[in-house]
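Undergrad: Questions regarding the structure given below will be posed in turn.
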Amino acid sequence: MEEIKEKRAISLAEVKELLSKTDPESMDQIQNWTRDYASKFVRIDAKTAVKMREQMVKECGLTDEEAIEIINILPSSMAELRSFTFGWKKLILTETLEKILSIIKENS
């Protein structure tokens with residue numbers, strides 16, 4: 001088993017890309033389930049996910065983890081986006097939410 005070199009949050013699109021480069025025969029059951037889940041539900045590629053995360057962090061003041069949560073879901077409406085950000089226990093201005101939605105729309 002490989003040594004863990006780095007621990008950081010990544011999007012499901014990045015997980016999908018990483019697991020697609022791995023031989024399915026060498027994966028354990030959880031890795032196989034994760035690969036299957038990502039292949040069914042991820043709608044963007046890893047490069048786009050990274051670009052979106054960088055934009056959301058820089059332009060919207062989100063943390064990496066917050067941006068990844070949004071990217072994994074790709075909400076399409078203000079109501080849907082608010083339902084995710086509500087649990088963060090910080091106020092997100094409407095103009096910031098609109099910017100997040102515009103980043104999603106221009107990249108997906």
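Just so it is clear, none of the values below were taken in a lab; they were calculated from the coordinates. Note that the structure is predicted; figures quoted are calculated from it, not measured. Because the Cβ atoms are built from the backbone with ideal geometry, glycine has one as well, and the counts that use them run over all protein chains shown.
Undergrad: Quick one: if the Förster radius is 25 Å, what FRET efficiency do SER77 and GLU25 give, using the C-beta to C-beta distance and rounding to 0.05?
TA: Here the calculated transfer efficiency is 0.05.
Undergrad: At 0.36 nm per residue, minus the direct Cα-Cα distance, what do THR94 and GLU65 gain on full extension? Give it in nm, one decimal, please.
TA: 8.5 nm
Undergrad: Sort 3-16, 77-90 by the packing proxy (mean of other Cβ within 10 Å over each peptide's residues), most packed first.
TA: 3-16, 77-90
Undergrad: So for the chain, averaging the separation of alpha carbon pairs under 8 Å that are six or more residues apart and normalising by length, what relative contact order in percent results?
TA: 28
Undergrad: With the radius of gyration and the Kirkwood radius both derived from the Cα set of segment 1-51, what is their ratio Rg to Rh?
TA: When Rh is taken as the Kirkwood radius, the ratio is 0.97.
Undergrad: With all pairs of different alpha carbon atoms counted, what Kirkwood hydrodynamic radius in Å does segment 28-67 show?
TA: Its Kirkwood hydrodynamic radius stands at 11.6 Å.
Undergrad: Can you work out the FRET efficiency for the pair PHE84 and GLU54, with r the C-beta to C-beta distance and R0 = 30 Å, to the nearest 0.05?
TA: Efficiency, rounded to the nearest 0.05: 0.95.
Undergrad: Here's a follow-up. Given the DSSP H assignment, sum -39500 (n - 2.57) over each helix run of at least 4 residues in the chain and divide by its residue total; what's the result at 222 nm in deg cm²/dmol, nearest 500?
TA: -19500 deg cm²/dmol
Undergrad: Restricting things to alpha carbons, find the Rg to Rh ratio for segment 9-108 using the Kirkwood radius for Rh.
TA: Here Rg/Rh amounts to 1.02.
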